[in-house]
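Everything on this sheet refers to the single structure shown next.
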Amino acid sequence: MKFSIPIGPQHPALKEPISLRMTVEGEVIRDADIRLGYNHRGLEKLAEEKTWIQNIYLTERICGICSHSHATCYVQGVEKLMDIVPPKRGLYLRFLVAELERVHSHLLWLGVAGHEAGFDTFFMYTWRDREIVMDMLEAISGNRVHYAINTLGGVRRDLDEGLRQKILSQLDILRRRTEFYIKIGANEPTFVGRLAGVGKLSKEKAMELCAVGPMARASDIARDVRRDDPYGIYAETPFEVSTADTCDVLGRVVVRVKELFQCYNLIEFMLKNLPSGEVKVKAPRRAKPGEVVSRYEAPRGENMHYIVSGGADKPERLKVRAPTLANYPATVEMLKNGFIADIPLIFAAIDPCICCAERTVETVDLRTGEEKVLRFSELRTLAQERFDKNPRKGTGLWPF
Amino acid sequence: MAVLKTVLYLIVYPGILFLFVYATFVEWFDRKVYARLQNRMGPTHTGRFGLLQPIADFVKLMSKEDIVPDKADKTLFTLLPIFGLAIVATAGLLLPVWHTNPLQPGFNSFPGDIIILLYLLSLPTLIFFLAGWSSTNLFSAIGGSRVLTMLFGYEVPLFLAVLSPALLAGSWRLAEIAAFYRQHPLLILPNLIGFAVALVCVQAKLERTPFDIPHAETEIVGGTFTEYSGKKLAFFRLMTDIELVVCSGLLATVFLGGFGGGIFLGFLQFIGKTLAVVFLLSLMRAVTGRIRIDQVVSFAWKYLAPLAVLQLLIVIFIKGWVL
Amino acid sequence: MRLAAFLPELLRHLFKKPATVDYPFQKLEVPKDFRGSPFLRPELCIVCRACERDCPAEAIDITSVNEAEKKFKLAIHNDRCIHCAQCVDSCPTDAMQMDQRFEIAAFDRHDLKMAWDFVRAVVKIKPQA
């Protein structure tokens, strides 16, 4: 007997609103339907109204966990349009913060995976160690999230010697703790029992559905923008792509933990070989006309920004393709023939950053099931018709 | 006079008032140990050391709005928490706390009371299923079916494990079993396998990690308790707390030698032994993650039931050959 | 696969101090250069309006109070501010600064407005890099 369970938009398993309608038969899922749009904020339209500098802070706020990746992706693109090259020290500092962000994001994900599996002790331990990274980021940039260290032409703040030594010493603590988490992850039978064999995505299916990031790397596809299309300083830093071949959630855990170790090596390399010099160059107010595609390896996968400039001091079009959006079709594939008990784990394994992925809105008529994409002018007409039919009573208070 | 004394026992000690105070204390202890194991603080600011936190939670829940879903079966929905509380409180009366001398039995000690206690402890599972079913909510229905599926897993090993020491002691009366183990303390050792099995089964009965599938927060919102709020939810939570006290009291009586030594010393032994059992249960809660329902049933039948049978065989062997 | 693989570590935590900071009874120190709320040093402001132009949240308002005496009023709406410190970077005379306050919650958003009345200063602009 099939019936459909709604997971979301409000659900304790989800940190952000998304609607997954599962058709289940007993405890086995037969089909899944993903509906987006609950977190749509109109960012791409707003970016057309703000200048190049103001947009750095706007793109940073697309997401809280991968804020630096969106800001860096955008700034890289605009620097290409404006034809300016940041100095080496600036680039090193920019990607130092990027790797620290990757560490904090993977530790966060490990905790969330533990919490979804019911393993709260693991969750508390990983988040306690994540505080070390947050304190380091606060000392470098002045804030724990939304670091705002990028500017057009480099970074805004410099790193002094005392802080550099402090970060190097904290790296040892982090390395030891990560090895401890590998020990728990591999040896705790209840944890492994929940993760092994769950959410299988074969290599062919992952290629066909265009999975990105650790999802694809856990299915033995060695694809990483830092190696395929090196941007910034990744052409000269020692770094290997981490893959696993078990194609399930356990493989994704292994990939992320391996990436953590790669991050520690990269941070150590960057700190030890930090070149001296300026941290930024002056950027012009206007950008030359043109278009650019900027790619970046966010903690969740490949992040892409497409920027069009018309020669003004504002962009003409900014399009954001976040990695989670590319992973949604693969999620539907993974959910089929899984158990209900595995839904939170499968969904958490793609490391969903739902607010990164909110772009267009499609309306579904509940009664007829008809779907269509509405233009803004059509929405405005609908709103005005409704207002004409039900005039406002005039009892509300304007808040400003 | 005897009627007054009985009423006093029923209301004050070891009746509902004592159970309420002790159950909230045990919940505080459980939460504090769980938090310290995870390097956190646990309840700290309500009352000294956070001791009043569970009582504060209870009072807060009692004062919240009570919402009954439209399509739910109203009589069943309302009566189930009250029934549940009554059942576990009655089970609490059967623990041999007050009259521990088997020669002067009180009103709460009679041959066969271990069977009655186990039966009364199986009823809450049925109450949870009915609560989930009468809510007519999809998540509650799934939670209710999971509760009953788990019952198929842990009930048999629990019964076998708890009845083995009773076989060794040669009696079906809790006070006599406890007295037997107080006189022959060395005979506690052959029952250790049964103790471990009973600990795991009690963890499953109380629906705590690793067996908290029926009300798994991250999957099915609240499981059987999804639609409950206000006073009814307060009663359900008090019911699970008292169930924790009763189960740990049962394990302490049957496996750890009961609570002897008169009124005052017996009371201290009761607190000490039940807190030891609760500490072990909290440790189990912190060490493991949640396992799936099919894994629970397969784990129970592959490992717990054979171990319980092994324990039974050991007991029969010792009784037949040694004693 | 061992049962309860990290039990010794777990038990060791029973005797360690908890990692929680008992806020608000204990507070952590913020590092230097923490981005709190912006404030103005009016003796250095030359009213170039760079901060008003560059603010992503339109939180800075500069109005002229008296044209002849060159009196201006700069208001910072701390409820709109996103604490990015772009105004500090854009200011050519270092008149805009960031302080370390982060406990700025209030019941009414209009309580978070800060304003300065001043006369426009005559200050040498620091050379830009």
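A few remarks follow.
- Of the candidates B:ILE82, B:ILE55, the single residue that is under 30 Å from A:HIS115 (Cα atoms) and part of a helix (DSSP H, G or I) is B:ILE55.
- Filter pass, B:ALA178 being touching a residue at least 40 places away in the same chain (Cβ under 8 Å), of a type in the set (Gly, Ala, Ser) and open to solvent by 30 Å² or more (accessible area, probe 1.4 Å): no
- Complete set of residues in region A:41-55 that are within 11 Å of another protein chain (Cβ to nearest Cβ) and either within 21 Å of A:GLY154 (Cβ to Cβ) or modelled with pLDDT under 85 (or both): A:LYS50, A:THR51, A:TRP52, A:ILE53, A:GLN54, A:ASN55
- Test for B:GLN53: is it at pLDDT 90 or above and either of a type outside the set (A, V, I, L, M, F, W, C) or touching a Ser or Thr at 6+ places or on another chain (Cβ under 8 Å) (or both): yes
- Taking the criterion of being in contact (Cβ under 8 Å) with a residue 40 or more places away in the chain, buried (at least 18 other Cβ atoms within 10 Å of the Cβ), in a helix (DSSP H, G or I) and of a type outside the set (A, V, I, L, M), the residues of region A:125-164 that qualify are A:TYR125, A:THR126, A:ASP129, A:SER141.
- Qualifying residue in region C:120-128 (condition: in contact with a helix residue (DSSP H, G or I) (Cβ under 7 Å, 6 or more places away or on another chain) and more than 26 Å from C:LYS27 (Cβ to Cβ)): yes
- B:PHE279 being within 14 Å of another protein chain (Cβ to nearest Cβ), open to solvent by 40 Å² or more (accessible area, probe 1.4 Å) and more than 30 Å from A:ILE5 (Cβ to Cβ): yes
- Taken together, the residues in region B:256-276 that are at pLDDT 90 or above and open to solvent by 10 Å² or more (accessible area, probe 1.4 Å) amount to 5.
- Residues in region A:332-357 that are more than 14 Å from chain B (Cβ to nearest Cβ), over 13 Å from the mean Cα position of the chain (by Cα) and buried (at least 23 other Cβ atoms within 10 Å of the Cβ): 1 in all.
- Qualifying residue in region A:198-220 (condition: closer than 30 Å to A:TYR125 by Cβ, without any contact (Cβ under 8 Å) to a residue 40 or more places away in the chain, within 14 Å of another protein chain (Cβ to nearest Cβ) and of a type in the set (A, V, I, L, M, F, W, C)): no
- Counted as qualifying within region A:178-228 are the helices (runs of 4 or more DSSP H) with 2 or more residues that are more than 27 Å from A:PHE95 (Cα to Cα) and open to solvent by 40 Å² or more (accessible area, probe 1.4 Å), namely A:203-208.
- Count of residues meeting criterion [within 14 Å of another protein chain (Cβ to nearest Cβ) and part of a helix (DSSP H, G or I)] in region B:1-45: 9
- Out of A:ARG252, A:ARG285, A:ARG227, one residue alone is on the phi < 0 side of the Ramachandran plot and within 14 Å of another protein chain (Cβ to nearest Cβ). It is A:ARG285.
- Residues within region A:291-331 that are touching a strand residue (DSSP E or B) at 6+ places or on another chain (Cβ under 8 Å), among the charged types (D, E, K, R) and surrounded by fewer than 16 Cβ atoms within 10 Å (Cβ to Cβ), tallied: 4
- Set side by side, the residues B:SER248, B:SER229 differ, and just one is polar (S, T, N, Q), at pLDDT 90 or above and open to solvent by less than 40 Å² (accessible area, probe 1.4 Å), which is B:SER248.
- Contact map, region A:165-188: first residue free of Cβ contacts under 8 Å to residues at least 12 places away in the same chain, second residue not in a helix (DSSP H, G or I), Cβ cut-off under 6 Å, separation 6 or more or different chains; pairs are A:ASN187/C:MET1; A:ASN187/C:ARG2; A:ASN187/C:ALA5.
- Residue match in region C:43-61 (condition: within 24 Å of A:GLU131 (Cβ to Cβ) and of a type in the set (Val, Ile, Thr)): no
- Residue match in region A:267-290 (condition: open to solvent by 50 Å² or more (accessible area, probe 1.4 Å), closer than 24 Å to A:LYS319 by Cβ, touching a residue at least 40 places away in the same chain (Cβ under 8 Å) and acidic (Asp, Glu)): no
- Within region C:50-60, tally of residues that are open to solvent by 70 Å² or more (accessible area, probe 1.4 Å) and more than 9 Å from chain A (Cβ to nearest Cβ): 1
- Any hit, region C:35-49, residues being away from every other protein chain (no Cβ under 11 Å), open to solvent by 50 Å² or more (accessible area, probe 1.4 Å), farther than 30 Å from A:THR190 by Cα and touching a residue at least 60 places away in the same chain (Cβ under 8 Å): yes
- Test for B:PHE25: is it under 30 Å from A:THR121 (Cα atoms), surrounded by 16 or more Cβ atoms within 10 Å (Cβ to Cβ) and among the aromatic types (Phe, Trp, Tyr): yes
- Flag for A:LEU58 being touching a residue at least 24 places away in the same chain (Cβ under 8 Å), under 30 Å from A:ASN150 (Cβ atoms) and crowded, with 16+ Cβ neighbours inside 10 Å: no
Every residue, every condition in (1) within 14 Å of chain B (Cβ to nearest Cβ); (2) in contact with a helix residue (DSSP H, G or I) (Cβ under 8 Å, 6 or more places away or on another chain), yes or no:
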| position | (1), (2) |
| --- | --- |
| A:ARG89 | no, no |
| A:LEU96 | no, yes |
| A:ARG128 | yes, no |
| A:VAL133 | no, yes |
| A:LEU168 | no, yes |
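- Residues satisfying the stated conditions in region C:12-32, i.e. open to solvent by less than 80 Å² (accessible area, probe 1.4 Å) and within 12 Å of chain A (Cβ to nearest Cβ): C:HIS13, C:PRO18, C:ALA19, C:THR20, C:VAL21, C:VAL30, C:PRO31
- Candidate set from region C:61-86 (those that are under 21 Å from C:ASP33 (Cα atoms) and more than 12 Å from every other protein chain (Cβ to nearest Cβ)); member that is surrounded by the fewest Cβ atoms within 10 Å (Cβ to Cβ): C:ASN78
- Considering region A:141-158, the residues that are of a type in the set (Val, Ile, Thr) and more than 9 Å from chain C (Cβ to nearest Cβ) include one that is farthest from A:LEU107 (Cα to Cα), namely A:VAL155.
The values are calculated or read from the model by the stated rules, or taken from the named source; none is laboratory data. In this text, all values refer to a predicted model and were calculated from it rather than measured experimentally. Neighbour counts are summed over all protein chains in view; Cβ atoms, including those assigned to glycine, are modelled from backbone coordinates with ideal geometry. For the accessible areas, the whole protein counts, side chains as well, though only heavy atoms, and no ligand, DNA or RNA atoms are used. Shrake-Rupley method; radii C 1.70, N 1.55, O 1.52, S 1.80 Å.
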